[in-house]
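The values are calculated or read from the model by the stated rules, or taken from the named source; none is laboratory data. Worth saying up front: this structure is predicted, and the values here are computed from it rather than measured. For neighbour counting, all protein chains shown are included, and Cβ atoms are generated from backbone atoms with ideal geometry for every residue, glycine included. Only protein heavy atoms, including side chains, enter the accessible area calculation; ligands, DNA and RNA are left aside. Shrake-Rupley method; radii C 1.70, N 1.55, O 1.52, S 1.80 Å.
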Amino acid sequence: MAGIYIHIPYCKQACHYCDFHFSTNLNTKTDLIDAILKEIELQKNYLGGETVETIYFGGGTPSLLSKQELSSILKTIGANFTVVAKPEITLEANPDDLTPAKLKELRAAGINRLSIGIQSFNDQVLKYFNRAHNAQMAASAVQEAQAIGFQNISIDIIFGVPNQSVNDLQKDLVRALEFKTQHISIYGLTIEDDTVFGKWEKQKKLTPLDEDIAAKHLETIMKTFAQAGYEQYEISNFCLPGFESKHNSSYWHGKKYLGLGPAAHSYNGQERQFNQAHNIKYIKQLTLNNLPCSVEILTNEDQINEFILTQLRLKQGLDCASLNEKFSHDIMYLKKTEIAQFTDLKMLDASGDFLKLTPKGKLLADFITEKLII
Ligand code: SF4
């Protein structure tokens, strides 16, 4: 089983923290959709005949696409790949786009899972982020989506905002839980260089949240969501039983996926492909029937590190037996000193063939991972 990701590189306005590939100029949208349709045809053998189980529209802002545009992409995927009868089809949407009419269109186009970019229910934070919606619009979007019949909804929240207290965060979490969505993704704010926040940091107008407080945030998140019955199946992802994101889980389990659109990347088991992160150049290459991508052959070391990095973040933990079987890398032996240190500190649980981060270990996940990779 495999997945397909489609990157829609347009946004209404630039959020101050975002370094994803997107443009606020929508003039090329029609040509870009045509280019994606061409790319689907040119890449029809990329997944080696594997059946597609999940389709994910990410961005950028895929909720800027019309029903016709979404349908044409899905139809072309169906014509060029074998797709399961009921694929998980996710669309990332911004609250300001989700009117009742738009939600009906999305359902009619075949979208069966929404990932709504709420980020916060606090108007001050939303303004600070330069989001195009406010807290009221965020709440209405979720409620309308539920009323219209979406039964698999995820919301995104950001924590670790400069000056955000644990109490502020707790209020956001309590509000988020009121909607009882099936899935919640929650990410720590990172300040990237090429963003407004990056610029503010250099100008000393912004000070990132202290790491210890950010760790307290994560601790609060884990406790609050666990009490509400959500399972932390990946460090940043929580769900009600049975509502894991199939698409994202397939990345974490090393399944093949094809990425379409500018800046999308693909993985076929041996190599990774990176599409050009430039809308006009992407369109031009496809007009000439060329694939707009570069290829990186993954070394054994790359694959081992990726396996460790992704699996350590999962609830099940790192499957050391599989790692050894696939790559002849006996991590239990090769990293026995580090593993012993972390287990003594009650940050790692090394029972059986699995290495699992404990709740304490999750607070230092990046540090522990760094010590366990090659
Ligand atoms: S966070 Fe989302 S909506 Fe905001 S600029 Fe980035 S991709 Fe666009």
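Pairs only if they're at least six apart or on different chains, beta carbon under 9 angstrom, first in the range 12-32 and over 14 Å from PRO62 (Cα atoms) and part of a helix (DSSP H, G or I), second more than 12 Å from the ligand (Cβ to nearest atom) and hydroxyl-bearing (Ser, Thr, Tyr); list them, first residue then second. Cβ pairs passing all conditions: ASP31/THR287.
I need the full set of residues from the range 50-68 which are away from the ligand (no atom under 16 Å from the Cβ) and crowded, with 18+ Cβ neighbours inside 10 Å, in order please. The answer is GLU50, VAL52, GLU53, THR54, ILE55.
Whenever a residue of the range 307-319 is closer than 14 Å to THR358 by Cβ, its partners that are in a loop (DSSP other than H, G, I, E, B), lying with C-beta atoms within less than 8 angstrom and at least six residues away or across chains, give the pairs ARG313/ILE235; ARG313/SER236. Scanning the range 133-165 for residues that are among the charged types (D, E, K, R) and more than 27 Å from HIS217 (Cβ to Cβ) yields a single hit, GLU144.
Being aromatic (Phe, Trp, Tyr) and closer than 30 Å to ALA277 by Cα is the requirement here; does PHE307 meet it? Taking the combined requirement at face value, the residue satisfies it.
Selection over the range 99-130 of residues that are surrounded by fewer than 18 Cβ atoms within 10 Å (Cβ to Cβ) and either free of Cβ contacts under 8 Å to residues at least 24 places away in the same chain or within 13 Å of the ligand (Cβ to nearest atom) (or both) gives a count of 5. Listed by position, the strands (runs of 3 or more DSSP E) inside the range 148-264 whose residues that are farther than 26 Å from HIS133 by Cα, open to solvent by less than 50 Å² (accessible area, probe 1.4 Å) and not assigned by TED's automatic domain parsing to the domain that holds GLU88 number at least 3 are 257-260. Considering every residue within the range 350-373, establish whether at least one is out of contact with any Asp or Glu (no Cβ under 9 Å at 6 or more places or on another chain) and assigned to a strand (DSSP E or B). No: zero hits. Of all the residues in the range 69-98, those that are within 17 Å of LEU32 (Cβ to Cβ) and either in contact with a His (Cβ under 8 Å, 6 or more places away or on another chain) or within 16 Å of the ligand (Cβ to nearest atom) (or both) number 2.
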